[in-house]
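Just below is one structure, and these are the notes that go with it.
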Amino acid sequence: MSALQKTPLLEVQHLTMRFGGLVAIDDVSFAANNREITAIIGPNGAGKTTLFNCLTGFYKPTVGCLKLTRDNEDYLLERMPGHDITKHARVARTFQNIRLFSRMTVLENLLVAQHNKLQRASAFTLAGLLGLPAYKHVEQSAVDLARFWLDRINLTARADFEAGNLPYGDQRRLEIARAMCTEPALLCLDEPAAGLNPRESAALNDLLLDIREEIGIGILLIEHDMSVVMRISDHVVVLDYGRKIADGEPEAVRNDPEVIKAYLGEEDTEELPDVIKQDVEAAAKEEN
Amino acid sequence: MAVETQVSSSEENGRPALDWQAIGRELFFTALVAFGLTFVLVGMQTADRGGELIIIPRFTDVVYAIVMLTLGRFGYIMLRYRRASFVLIASLAAFGLSFVLPFPSLFLETMCMVGGLLIALMAVVTLIRHRPGIDMRERDRAMDRAAARFQELSRFIGPILVVFAIILPFLPFMDRQYIDIATLLLMYIMLGWGLNIIVGLAGLLDLGYVAFYAIGAYSYALLAVSFDLSFWVCLPLAGVLAALGGYLLGFPVLRLRGDYFAIVTLGFGEIVRIILLNWYQFTGGPDGIGGIPRPSFFGIAEFLPASRDGITFAELFGIDFDPMHRLIFLYFLILALALLVNMVSLRLRKLPLGRAWEALREDDIASQSLGINRTNIKLAAFTISAAFGGFAGSFFATRQGFISPESFTFLESAIILAIVVLGGMGSQLGVVIATILLIGLPEVFRELEQYRMLAFGAGMVLIMLWRPRGLLAHRDPSILLHGRKGPGADRIEAEQKAAEATR
Ligand SMILES: Nc1ncnc2c1ncn2[C@@H]1O[C@H](COP(=O)(O)OP(=O)(O)OP(=O)(O)O)[C@@H](O)[C@H]1O
Ligand SMILES: [Mg+2]
């Protein structure tokens, strides 16, 4: 990361995603920068998760261009297979319903995230099978990186526990650490604060701000809690029924009449988060 | 349904009160349905009398069938009312009676036997489930800890078992039959370890593993018979050919998920067998291939009483000829092959490839989001596992000296899969234990003849009820940040406590 200034990282142009007759995303364009937290907000079913799925290659967009710029190189995400998006363009994500490798340990989860690096070092398993020192060296550095993130999320003591046995809040943070272990240029977080208590939620905010400042990557954040959005995001994009209805600084978006209307037509956005959060949790429960 | 609601409404010291009216109604309907089903299917036999088709009525059969079905239903109802000990005794009595009563046909006799056993089994399960004071979750956790402790010991058990396997053929009581059984066990252990990579580690349900075994066996047999290549050249070639088979199968199949995947692998297994059966010029079809050369002592000496153009094993070591030498050599050969497979799999588990397999098993979507190329990783699992199957196949061919498609039926795949699933997916020691249970016991109890397959099935059901994730389902971490401070079981316990506290 060369400079401290914000450089363009992701450019979404005319993205449209249709499922049969349903238009989940309708001609959405926006840009996100390095060293910025871009919040994506909108009511349930607005198409936020679908946007992430398009970005990370799980869906092929019907129309549109997703351009990621990293180290002066452009990657057209919509043309790359999903695993290459993480490997080459370096986009990492978390999931709305936590997806950890629950029967593997915390440390193993973080090592799987460094698969490509380790696989290359093990000469696609051959050097590893023979136990060559070159591989051992890289493996140790991978463990060190994992340890760095474990310290960051306060899970070092539980590194050898099965991930599935961790409390909910720890699992959420572990999923973020796992995404960070892929050494991403863009981190996409799908409702990382859902289900956290206020203390955990505050710690999460600090973690995200730290990632922005120290690691200097761009973050896309789907978040329903408006107070969090207002506090930590630099830029907000609002979706409603698949369309972008607002885009700009948090303050400006907060007072946008269209946004207020979209959120149940209520005047006071401050009261909304709880209602929406409950909806989300109910939806998440149904999905499980 | 009506009965179910009644069950919950009137409890009587933990067990629901009997509602005879409902029971009577249900039994009556059961009898009626049984009559409807059996009247035509069982009650009338068509026979060919001098070119004329006549119907022979078999009403005793119908009566037997209806009584049996109604009694079976009664046992089932009683289980619903949790009168499990009564049902257990009654069903075992029915099982015993099936040997004594003069059944009109063997079919009915077998049905009575199987039905009795099945209901007895259900009764046992009900008894275990509802034992007062034992919570299923607590029991499961205790069992996981026990498995963890055992797994912990496996670091010692493993080497002990290896040493035991090495001295085994020299023990005084080992005769030809025991060596044969031990070799057979090792073959299945090797196959189990090979399949464990696909099923246990990568989490793909492969129902056609026997295909790779067959490809290995036929590759060896054809290469050895037509080109006169020695075992030591053919073995790696057979492995490579089987791996190629795995690779080719993997390409189209690995895009499929879950059940579809399982069905296509099943189909592949059958296709290979049918090709072997029908490509007469090449494979000899149902006649198989005979006269497959036996392995030499590393190409130096032959296991023969006398050799025309070489030297024999007995001459080489200056001992008397004994046919046991070859058997013992074969035993050590399969032991070495099996240990090779084991070592490679254990190593792979600690490498990025192995971790990626397990990650795919846990959650393939999350794996992809971490930049793992799912297709390549699964292909690697298929190819490596197929190569191991191929090695086992060529050993099989050289040991038997004769192979035919009959040895490579679906049943074989099913048994290997049962070994892996029963042992606890991904557990190496579990495979050994499961093989001894599934292959060893039936071999030892050969005198029981057809009942051993019955016992095999019953045993499988019991174990699956008792430990659905397999005998040794505990997973050993592939790497530890804090090292092995104390036994793993303690770590598990702390972990379970922590998890419980936060719930
Ligand atoms: N694979 C799919 N097939 C069909 N429809 C889909 C698919 N994925 C998403 N959708 C639809 O697209 C719309 C947007 O869904 P999406 O999950 O992106 O909403 P969201 O903004 O993430 O909502 P939430 O806040 O509830 O998470 C919904 O109507 C959903 O039903
Ligand atoms: Mg969503």
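Legend: distances between Cα atoms for A:LYS60/A:LYS261; A:LYS60/A:LYS244; A:LYS117/B:LYS378; A:LYS60/A:LYS87; pairs beyond 23 Å are A:LYS60/A:LYS261. Comparing A:ASP256, A:ASP225, A:ASP71 in a Gaussian network model of chain A where C-alpha atoms under 10 Å apart are linked, the largest mean-square fluctuation is found at A:ASP71.
Note on the protein assembly as shown: antiparallel DSSP beta bridges, both residues inside, total approximately 65 percent of the bridges counted. Net charge of the neighbourhood of B:ARG294, taken over other residues with C-beta under 9 Å away and scored Lys/Arg +1, Asp/Glu -1, is +1.
Panel note: contact residues of region A:165-191 (accessible area lowered by at least 30 Å² against the chain on its own; 1.4 Å probe) correspond to A:ASN165, A:PRO167. Region B:340-393 to region B:244-267: how many Å between their Cα centroids? Here the two parts' Cα centres lie 15 Å apart. Can you work out the base-10 log of I(q)/I(0) for region A:148-239 at q = 0.16 1/Å, using the Debye formula on its C-alpha atoms alone? Relative scattering, expressed as log10 I(q)/I(0), comes to -0.65. Across region A:159-204, counting alpha-carbon atoms alone, Rg and Dmax equal 11.3, 30 Å.
Put simply, chains B and A cover up around 3800 Å² of each other's accessible surface, both sides summed, when a 1.4 Å probe is used.
Between B:LEU106 and B:ILE128, the modelled label-to-label distance comes to 3.3 nm, taking each label 7 Å out from Cα in the direction of the beta carbon. Remark: chain A projects, on average over all directions, an area of 15.7 nm² (convex hull of Cα atoms). Think of it as helices only: each DSSP H run of n ≥ 4 in chain A is worth -39500 (n - 2.57), and spread over all residues that comes to -11000 deg cm²/dmol at 222 nm.
How many percent of all Cα-Cα pairs in region B:331-430 sit more than 24 Å apart? For region B:331-430, the share of Cα pairs beyond 24 Å comes to 33 percent.
Using the heavy atoms of the protein chains alone and a 1.4 angstrom probe, what is the accessible area of the protein assembly as shown per residue in square angstrom?
On the way: 37010 Å² over 791 residues.
On a per-residue basis, 47 Å².
Take the Kirkwood radius over Cα pairs of region B:150-466, plug it into Stokes-Einstein at 25 °C and 0.890 mPa s, and you get 120 µm²/s for translational diffusion. Interface residues of region A:65-92, defined as a loss of at least 50 Å² in heavy-atom accessible area between the chain alone and the complex of all protein chains with a 1.4 Å probe, are A:HIS83. Taking each pair of distinct Cα atoms in region A:101-182 once, what is the resulting Kirkwood hydrodynamic radius in Å? The Cα-based Kirkwood calculation yields 12.9 Å. When every Cα-Cα distance of region B:11-133 is counted in 5 angstrom steps from zero, the calculated P(r) takes the values 2, 11, 17, 17, 18, 13, 9, 6, 4, 2, 1, 1, 0, 0 percent.
Counting charges near B:MET68 (Lys, Arg +1; Asp, Glu -1) among other residues having Cβ under 15 Å from its Cβ returns a value of 0.
Per atom type, the protein assembly as shown shows carbon and sulfur on 62% of its accessible surface, probed at 1.4 Å.
Note on chain A: GNM, Cα springs under 10 Å; of A:GLY242, A:GLY47, A:GLY195, the largest mean-square fluctuation is that of A:GLY195.
With the largest listed first and rounded to whole Å, the semi-axes of the equivalent ellipsoid of the protein assembly as shown from the Cα gyration tensor are 54, 40, 26.
Here the Karplus curve 6.51 cos²θ - 1.76 cosθ + 1.60, taken at θ = phi - 60°, turns the phi angles of region B:175-183 into couplings of 10, 3, 5, 5, 4, 4, 5, 4, 5 Hz, with x standing for Gly and Pro. Principal-axis analysis of the Cα atoms of chain A puts helix A:272-287 at an angle of about 50° to the longest axis. In this label model, B:TRP279 and B:PHE332 are separated by 3.6 nm, measuring between points 7 Å along each Cα→Cβ vector.
A DSSP coil position with no more than 13 other Cβ atoms inside 10 Å describes the following chymotrypsin sites (Phe, Trp or Tyr not before Pro) in region B:137-196: B:PHE173. Structure remark: mean-square fluctuation, Gaussian network model of chain A, C-alpha springs under 10 Å; the largest value among A:ALA157, A:ALA262, A:ALA246 belongs to A:ALA157.
Debye calculation, C-alpha points only, no solvent: report log10 I(q)/I(0) for region A:4-118 at q = 0.16, 0.19, 0.21, 0.22 Å⁻¹, in the same order as the q values. The Debye formula, applied to the Cα set alone, gives -0.85, -1.12, -1.27, -1.33.
The values are calculated or read from the model by the stated rules, or taken from the named source; none is laboratory data. Bear in mind that the values here come from a model prediction, so they are computed numbers and not experimental data. Methodologically, a virtual Cβ is constructed for each residue, glycine included, from the backbone with ideal geometry; neighbour enumeration extends over all protein chains shown. Accessible surface areas use protein heavy atoms only, side chains included; no ligands, DNA or RNA. Shrake-Rupley method; radii C 1.70, N 1.55, O 1.52, S 1.80 Å.
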